[in-house]
Amino acid sequence: MNVKPNTGPRITGLILSVSSAIFCAVMLMPIIALLFESASSFFITDSNLVDNTFSDLADTVLWEYVKNSLIIVLGTLLFACLFAIAPAWWCAQYEFSGRRYLQWMMVFPLAIPAYISAYIYTDALDYAGPIQSSLRLLFGWQSPHDYWLIDIRSRWGASLMLGLALSPYIFLLLRNSFEQGSSSLSQAAQLMGASPRKIFWTIHLPLARPALAIGCTLVAMESLADYGTVQLFAISTLTTAIYDSWLVYGSLTSAAKISCLTLLFVISLVALEKNSRRKQQHFDSRGGKSNDKIKASKAKTSFIWLFCGLIFCLGFLIPLITLISYCVDYWLENINTDVLRHSQSTFFLAITAAFIATLLAIVFNSQQRFSPSTKNQTKLSLASLGYAIPGTVLAIGILIPLGQLDIWINHFIQWLGFEKVGLILSGTSFALILAFVIRFSAISNGSIQAAYKQMPTNLDAASTMLKASRFKTFYKIHLPIMRPALISAFLLVFIECVKELPASLLLRPFDFETLATYVYQFASDEQLEHAASGALLIIIVSLLPILLLSRTQRMR
Amino acid sequence: MNSENYSQRKPTALELFNIQLAIADESILQSLTFDLEEGEILCLLGPSGCGKTTALKTIAGLSTPQSGQIDLFGSTVFSDASINIPPEQRSIGFIFQDYALFPHMTVGQNIAYGLSLLNKHDKQQRIKESLELVELPDLEQRYPHELSGGQQQRIAVARALAPKPKLLLMDEPFSNIDGQVKRRMMADLRHLLKEHGISCIFVTHAKEEAFAFADKTAVMINGHIEQLDNPAKVFNQPSTVAVAEFMESGNLTTLKHSQQVLDKISHQWPRDIENSGYWLFKPQYLTLSHSLQSTGVELIDSTYIGRGYQHDIAIRLNKSNNAPTIIWKAETEHPIDITAGENIALEYISEPHWLQD
C-alpha cells in the first residue's frame, strides 16, 4: 500500500533534467565563449602574441562604427514608427472599404529582406537608372550637378530600407493592442466630451505604449543586427566590424570584443523592453472586448489608401515587380541548377533546424507543464535568449568553442594513430544548424508556450482523474490541441532559417551556399539580376507565415 | 458521537483528518477534518479564497498536503509523507468548474477517455448508458463547442460517472448556468445521485445551492471548517460569528452594544450572560410598529424582496442626537405603514440565538 507517486517517471525525469542541463549549457555557450575570448587577451604577456586589432580599431574608427550603428537604429525606429503607427490606428479604429485587404497588405513588406530593397532602390536611383534618366529627359537636365536627389547609399537610406522592411512588426503589435483596447473606454471618454483626436492621444496611445515599446525593441534589435543592407551601402557598423575583424584581419579576439560591445546594446534594449512589459499587466484591461469600428468618410478612406498604398508599393510591390522583371530579362541566368541545388541544401538545413527547435520547445514546455518550477522556467527563458543575439555575434560565439573542440578532436584522433578528420564541427553544416537552433528556438518556444498558456490546466486534471498517465495526457490531449501551434512553430523557424543571412555568411562550410548567401553574393557583386529567382524564392517562402497568420486570425 | 448513534450510521465514504496544506508559507488548509457517509451529498460552502477548491483537489489527489490523513472507503489514500496514492488510482470522479471537456474530441470520445480498460463493445455500451443517465442520448457525435452550457455540464457529469467512481467531486458545478435552468439541473442531478447512491462533495460560494442540493453543509472559512451540519441548522443556528456573517443569518449584536439595543426591544429574556459573545436576531422575528415618541429607532428604507418586504432600520446606541448607530434588517410579509425617518417601536417575538465568541 505504500505507494509513492511518480516512481515511474523518475527515470524519464532524470533524462529530461540531464538533457535540459546540456541544452542550457549549449544555449549559454556562445556568450560564455565571447566573454572568455575577450577576457583572455588581458592575460597574454608575450608582446609578440598580443593581438592589437581591437585597440587599433578602438583608437581609430570603432567609435565611428558605434555612432553609425546608433544612427541607423534610431533612424530605422523613426521610419518604422512613421510607416506603422497611423496605419495601425486606422485599421483598428475605422471601417472602410478594403480594410480587410489593407491590414494584410501592410504586413507584406516583412517578406522582402532589406538588402534586396536596398539593392533595387540603389539600382533605380542610379545615374543610369530609370528615375534619374526620366527626370533628365523630362526637365532637360544635363548632369547630376543640375539637380539634387536623395543619396540612398547613406545612413538615412539604410534606415529607410530597414524601416520599410521592419515596420510591419510595429504595425502588427499596435493594431492588436488598439483593437483589444476596450471600446467602452473610448465611449466613456466620448461621453465626457473628448474629441477623437484627444481620445487617441489620451486613451489609446498610452494604453498601447507597452505594445509600441515591444515593437520598437524588436525593430531596434533587428536593425542593430543588420549586416546585408549596411554592407551593401558600404556603411561601417558594429556588425560589419565583427565580420571584418574575423574575415579580413583574422582576429577572433577582436571580433569577440566587438561582439561583447554589441551585446551590451542588446542587453540595454532587452532591459528596456522588460520594463515596459511589466507595465503591460497594469494596463491590460479586460473590459468590454467588442470593438465597434467607426465608419470612415470617403475623403478619409482615400487618404488612408493613398498613405498605406504608398508604403505597400515602396516596401513590397516595387521590389517584387523589379525582381520579376529581372527574372524575365535575364531568364537564362536565372533558370539554372545552382538555384535548385542551393534551395535544396537550404531547405534541408532549415528543416533539420526547425525540427530540432520544435522538438526542444515541446520537451521543455511539457516538462514545465507537468512539473512547474522556477528552475524549469529559467530554462525556458534561456531558450529564448538566442533570439536577442545578433547573427554575426552568435556566429563568432559559436566559432570560438567549436574551433577549439575541433582542435582537440583532431589531436585526440592523431594520438589514437588515425589521420586528422579536419574541422568536423566548425567547418560543416553542424555549426550552421547549431546557430539556427540557438537563434530561433525562441520562436518555436514562444509558439508552444502560448499554446500551453491557452490550454486550461483543468484539462490535464480531468485527464488524470480519468486515470490517464502523463504520457497519455500528453499524447491524447496536449498534442492534438496544440497541433496548429506545432505547425506554425515549425514553419516560422523554417522560414527564419531560409532568410537568415549574417550567421550563414560566417558559418557556412567552404563551397556551400544557402539561398540567402547565394542571393546576397550576387547583390554585393552588383549582379542581383542574375540571382533574382533565388530572391523571389526567399520572398515566396517568407510570405507563408503572413498567409498563415491572416488565416488563423480570420478563423477567430 | 455516542455508541448508540454510531451503530445507526451508514459506512463512511471519506474521512479527512487534520489536513494541513500551505503554498509558499501561506496556509491554505488548516487542520481540515471531516467525514462523509456513503451516499451523502456534502456541500463545502465558503467565500472565495477560503480553500474549498484546494480541499476538493486534495481529496482527489491533485494537490498534495503537507500532513494529515485521508481515508477513502476504509483504505488510506494519503498519510503524511508515507502514503500518497496518485489521483488516477483513487476512483474519484471530478467535475470542474469549466467542465474541462476535451475540445478536440466528440462527446462519445470524451466519455470513452476514462474507460480504456473496457473492450470495444462494453465501452460503447457504457457510453450509451452514461448518456441516457443524463438524458442526452443523441449527442454522442457532437463536439463540446456545439453544446449549450447546461448540456456541457451534463456531459461532464456523464464523463465523470462513466468509470463508476465511488465518490464524485464537483467544483462550482452550477456557477456557469443561469437561474431557471440551474434549479432544474440541481434537482435532476440530486435525484440521479440519490438514485444510484453516489457519495458527493461539491463546492460553492452560493448558500442557495447548498440549501437546494446538499444533505449537509460545511462552512469553510480561512482553510478550516467552522461548522458542519444540515443546511437549515447552519443557517438558523450558526456556531460562530464568521458563519453567521457568511450565511447572512441575521442581525448580529455584540454584548457591549446589546444592553442598549435590548432596552429598545420590549421583550424579556435572561440578560445575565457574562461571557463575551454575540446575539443573533433573525429579521423575520422583528415586528415594527409606528411610535409617536422618540425611540432612537428609525426606518431608513423599505424594499420588496419577493417573499415579502425588507426594512433597513437605524438604532441609535444612546440618547444624544449624534450617537453612533447600528443598522439592522427586518422582514415582514406585508408592507408596513411607516415612512422613512419615522420612529419605530421594535419587538422581537422569539429568543435570540446566542453565539459564543
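Couple of notes before you dig in:
- Residue within the range A:417-428 that is touching a Leu at 6+ places or on another chain (Cβ under 7 Å) and either surrounded by 24 or more Cβ atoms within 10 Å (Cβ to Cβ) or assigned to a loop (DSSP other than H, G, I, E, B) (or both) present: yes
- Scanning the range B:107-118 for residues that are at pLDDT 90 or above, open to solvent by less than 70 Å² (accessible area, probe 1.4 Å) and within 8 Å of chain A (Cβ to nearest Cβ) turns up at least one hit.
- With respect to the conditions (1) open to solvent by 20 Å² or more (accessible area, probe 1.4 Å); (2) assigned to a helix (DSSP H, G or I), residue A:372 lacks only one, and its number is (2).
- Residue count, the range B:88-100 (criterion: open to solvent by 20 Å² or more (accessible area, probe 1.4 Å) and either more than 9 Å from chain A (Cβ to nearest Cβ) or not hydroxyl-bearing (Ser, Thr, Tyr) (or both)): 4
- Only listed residue being within 22 Å of residue A:222 (Cα to Cα) and assigned to a helix (DSSP H, G or I), chosen from A:88, A:124, A:92: A:88
- Considering the conditions (1) open to solvent by 10 Å² or more (accessible area, probe 1.4 Å); (2) closer than 23 Å to residue B:97 by Cα, residue B:60 is excluded by exactly one of them, (1).
- Among the residues making up the range A:6-33, those that are in contact with a Gly (Cβ under 8 Å, 6 or more places away or on another chain) and either open to solvent by less than 50 Å² (accessible area, probe 1.4 Å) or at pLDDT 85 or above (or both) are A:27, A:29, A:30, A:31, A:33.
- Condition check for residue B:62: within 18 Å of residue B:223 (Cβ to Cβ), within 12 Å of chain A (Cβ to nearest Cβ) and in contact with a helix residue (DSSP H, G or I) (Cβ under 8 Å, 6 or more places away or on another chain): yes
- Residue pairs meeting the criteria (Cβ under 9 Å; at least 6 apart or on separate chains; first over 21 Å from residue A:154 (Cα atoms), in the range A:122-139; second part of a helix (DSSP H, G or I)): A:136/A:146; A:139/A:146
- Condition met for residue A:479 (open to solvent by 40 Å² or more (accessible area, probe 1.4 Å), over 29 Å from residue A:332 (Cβ atoms) and away from chain B (no Cβ under 14 Å)): no
- Tally of residues being closer than 20 Å to residue B:281 by Cα and more than 28 Å from the chain's Cα centre (by Cα) across the range B:327-342: 2
Residue by residue, here is whether (1) within 14 Å of chain A (Cβ to nearest Cβ); (2) small (Gly, Ala, Ser); (3) in contact (Cβ under 8 Å) with a residue 60 or more places away in the chain; (4) under 22 Å from residue B:92 (Cα atoms) holds:
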site: B:127; (1), (2), (3), (4): yes, no, no, yes
site: B:139; (1), (2), (3), (4): no, no, no, no
site: B:146; (1), (2), (3), (4): no, no, no, no
site: B:152; (1), (2), (3), (4): yes, no, no, yes
site: B:168; (1), (2), (3), (4): yes, no, yes, yes
site: B:171; (1), (2), (3), (4): yes, no, yes, yes
site: B:176; (1), (2), (3), (4): yes, no, yes, no
site: B:183; (1), (2), (3), (4): no, no, no, no
site: B:190; (1), (2), (3), (4): no, no, yes, yes
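- Residue in the range A:124-144 that is farthest from the chain's Cα centre (by Cα), counting only those that are open to solvent by less than 50 Å² (accessible area, probe 1.4 Å) and not small (Gly, Ala, Ser): A:136
- Residue in the range B:73-83 that is more than 10 Å from chain A (Cβ to nearest Cβ), touching a residue at least 40 places away in the same chain (Cβ under 8 Å) and open to solvent by 20 Å² or more (accessible area, probe 1.4 Å) present: yes
- If you go through the range A:458-471 and keep only what is without any contact (Cβ under 8 Å) to a residue 60 or more places away in the chain and more than 8 Å from chain B (Cβ to nearest Cβ), you end up with just A:471.
- For the range B:148-194, filtering for residues that are in a helix (DSSP H, G or I) and acidic (Asp, Glu) leaves 1.
Residue-by-condition table, conditions (1) out of contact with any Lys or Arg (no Cβ under 7 Å at 6 or more places or on another chain); (2) more than 17 Å from residue A:64 (Cα to Cα); (3) not in a helix (DSSP H, G or I):
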position	(1), (2), (3)
A:224	yes, no, no
A:230	yes, no, no
A:244	yes, no, no
A:249	yes, yes, yes
A:253	yes, yes, no
A:257	yes, no, no
A:267	yes, yes, no
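- Every residue from the range A:227-252 that is open to solvent by 20 Å² or more (accessible area, probe 1.4 Å) and touching a residue at least 12 places away in the same chain (Cβ under 8 Å): A:231, A:232, A:234, A:236, A:243, A:246, A:247, A:249, A:252
- Any hit, the range A:439-455, residues being within 14 Å of chain B (Cβ to nearest Cβ) and touching a residue at least 12 places away in the same chain (Cβ under 8 Å): yes
- If you filter the range B:322-357 down to residues that are open to solvent by less than 40 Å² (accessible area, probe 1.4 Å) and in a loop (DSSP other than H, G, I, E, B), you find that the one that is nearest to residue B:252 (Cα to Cα) is B:352.
- Hits in the range B:84-130 - residues which are more than 23 Å from residue A:480 (Cα to Cα) and small (Gly, Ala, Ser): B:91, B:93, B:130
The values are calculated or read from the model by the stated rules, or taken from the named source; none is laboratory data. For clarity, every value in this text was computed on a predicted model and none was experimentally measured. Reconstructed Cβ throughout: ideal geometry from the backbone, glycine too, with neighbour counts over all protein chains shown. Each accessible area value is taken on the protein alone, full model and side chains, heavy atoms only, with ligands, DNA and RNA left out. Shrake-Rupley method; radii C 1.70, N 1.55, O 1.52, S 1.80 Å.
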